[in-house]
Every structure is written in C-alpha cells, then in structure tokens.
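Engineer: One structure, pasted below without further comment.
The values are calculated or read from the model by the stated rules, or taken from the named source; none is laboratory data. Since the structure is predicted, the reported quantities are computational estimates derived from the model, not experimental observations. Please note: Cβ atoms are built from the backbone with ideal geometry, for glycine as well, and neighbour counts cover all protein chains shown.
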Amino acid sequence: LNKKEVEITFVRASGERIKTKGKVGDSLLDVVVNNDVDLDGFGACEGTLTCSTCHLIFSKKVFDSLPEKATDEELDMLDLAYELKDTSRLGCQIILSEKLDGLEVKVPATINDQRSS
Ligand code: FES
C-alpha cells in the first residue's frame, strides 16, 4: 500500500519554519519523530496522553475542519499546557489526512512536561 505523503510545516515561536513530510495515517507526533524535528521535549509520553508536550496551535480554519474533536482525556491534558489557545490540540492525537496537505501548525514557545513536575 502506497500511502500518500502530505507536507506539514511547523512554525516555531521565533518564526522559524520547519518543513516536513508525513504520511496519511501518521500522527503529528510521528511526523516530528520521523523527520527528526528538533523540538525540545516534544512528545515525551510517546502519544499516550500523559503529557502535553505535543501541544500545537492550529489556525481556526484547520481546527474546525479536524474530523476528530478532542476527547475528555485530551482536554484534561491540554488544560495543563502553557499558552493554551482556543485552537490548541495535542499533536499525537491528530492523524494526517490528505486534506491536511500543506498544513501549518504553530509550536508554542514553552513546553510543559507533566511528568517532570
Ligand atoms: Fe504526550 Fe501527546 S505526546 S500527550
């Protein structure tokens, strides 16, 4: 099965843009890991919803178009994230679809790892 590639750009608080590629079915956490994106502490719990280090901020348009809304577990974790916005989600819970090709997501300046506090 040849999975389609989609292009994802991570935008740091500094404005630096990091272009990556992911495959349909990957999570945004997979994209960070597979592309070796240098985001300190990102994805600390490896997608098990026990940290909030994979916090990403979406545009309103994309946020509203995401097929899966956040579960209560995700919302609980998001509550602990720094710089929480109305359009925040946890990257490990966002699964790539072809529709997300060209996606731009903002990486918050600070990462809060619950496991170390
Ligand atoms: Fe920990 Fe997403 S990687 S909640």
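Engineer: I need the full set of residues from the range 19-41 which are under 13 Å from the mean Cα position of the chain (by Cα) and at pLDDT 95 or above, in order please.
Structural biologist: Of everything in the range 19-41, those that are under 13 Å from the mean Cα position of the chain (by Cα) and at pLDDT 95 or above turn out to be Thr20, Gly22, Asp26, Ser27, Leu28, Leu29, Asp30, Val31, Val32, Val33, Val37.
Engineer: Can you tell me which residue within the range 32-53, out of those that are surrounded by fewer than 18 Cβ atoms within 10 Å (Cβ to Cβ) and outside any loop (DSSP other than H, G, I, E, B), is farthest from the ligand (Cβ to nearest atom)?
Structural biologist: Step by step, filter the range 32-53, then rank; the result is Asn34.
Engineer: Select, from Leu29, Leu56, the only residue that is in a strand (DSSP E or B) and crowded, with 17+ Cβ neighbours inside 10 Å. Walk me through how you get there before you give the answer.
Structural biologist: Values: Leu29 fails: in a strand (DSSP E or B).
Step by step, each of Leu29, Leu56 is checked, and only Leu56 is in a strand (DSSP E or B) and crowded, with 17+ Cβ neighbours inside 10 Å.
Engineer: With the requirement that a residue be surrounded by 13 or more Cβ atoms within 10 Å (Cβ to Cβ) and in a loop (DSSP other than H, G, I, E, B), what does the range 59-69 give you? Please lay out each step first, then the result.
Structural biologist: Of the range 59-69, the ones surrounded by 13 or more Cβ atoms within 10 Å (Cβ to Cβ) are 59, 62-63, 66.
Selection gives Ser59, Leu66.
Engineer: Filter the range 4-26 down to the residues that are of a type outside the set (Gly, Ala, Ser) and in a loop (DSSP other than H, G, I, E, B), then identify the one that is farthest from Asp86 (Cα to Cα).
Structural biologist: Taking the range 4-26 as the starting set, the residues that turn out to be of a type outside the set (Gly, Ala, Ser) are 4-12, 16-21, 23-24, 26.
Keeping just the survivors that are in a loop (DSSP other than H, G, I, E, B) gives 4, 12, 16, 24, 26.
Working: Lys4: 30, Arg12: 18, Glu16: 22, Val24: 25, Asp26: 24 Å.
The selected residue is Lys4.
Engineer: Might you let me know whether the range 70-92 holds any residue that is in contact (Cβ under 8 Å) with a residue 60 or more places away in the chain, of a type outside the set (A, V, I, L, M, F, W, C) and either within 11 Å of the ligand (Cβ to nearest atom) or crowded, with 21+ Cβ neighbours inside 10 Å (or both)?
Structural biologist: If we filter the range 70-92 for residues that are in contact (Cβ under 8 Å) with a residue 60 or more places away in the chain, which is where we start, we get 91-92.
Applying the additional criterion that residues be of a type outside the set (A, V, I, L, M, F, W, C) yields 91.
Going one step further and asking which of them are either within 11 Å of the ligand (Cβ to nearest atom) or crowded, with 21+ Cβ neighbours inside 10 Å (or both), we end up with 91.
Taking every residue of the range 70-92 in turn, at least one turns out to be in contact (Cβ under 8 Å) with a residue 60 or more places away in the chain, of a type outside the set (A, V, I, L, M, F, W, C) and either within 11 Å of the ligand (Cβ to nearest atom) or crowded, with 21+ Cβ neighbours inside 10 Å (or both).
Engineer: Still on this structure: Can you go through Ile8, Ile18 and tell me which one is touching a Gly at 6+ places or on another chain (Cβ under 8 Å), within 15 Å of Leu103 (Cβ to Cβ), more than 10 Å from the ligand (Cβ to nearest atom) and of a type in the set (Val, Ile, Thr)?
Structural biologist: Values: Ile18 fails: touching a Gly at 6+ places or on another chain (Cβ under 8 Å).
The conditions single out Ile8.
Engineer: Go through (1) part of a helix (DSSP H, G or I); (2) at pLDDT 95 or above; (3) within 12 Å of the ligand (Cβ to nearest atom) one by one and return the number of the condition Arg115 breaks.
Structural biologist: (2)
Engineer: Under the condition of being away from the ligand (no atom under 16 Å from the Cβ) and part of a helix (DSSP H, G or I), which residue from the range 93-105 is nearest to Ala44 (Cα to Cα)? Spell out how you get there, then give the answer.
Structural biologist: Within the range 93-105, the subset away from the ligand (no atom under 16 Å from the Cβ) is 97-104.
Of the ones still in play, those that are also part of a helix (DSSP H, G or I) are 98-100.
Values: Glu98: 27, Lys99: 27, Leu100: 24 Å.
Among those that are away from the ligand (no atom under 16 Å from the Cβ) and part of a helix (DSSP H, G or I), it is Leu100.
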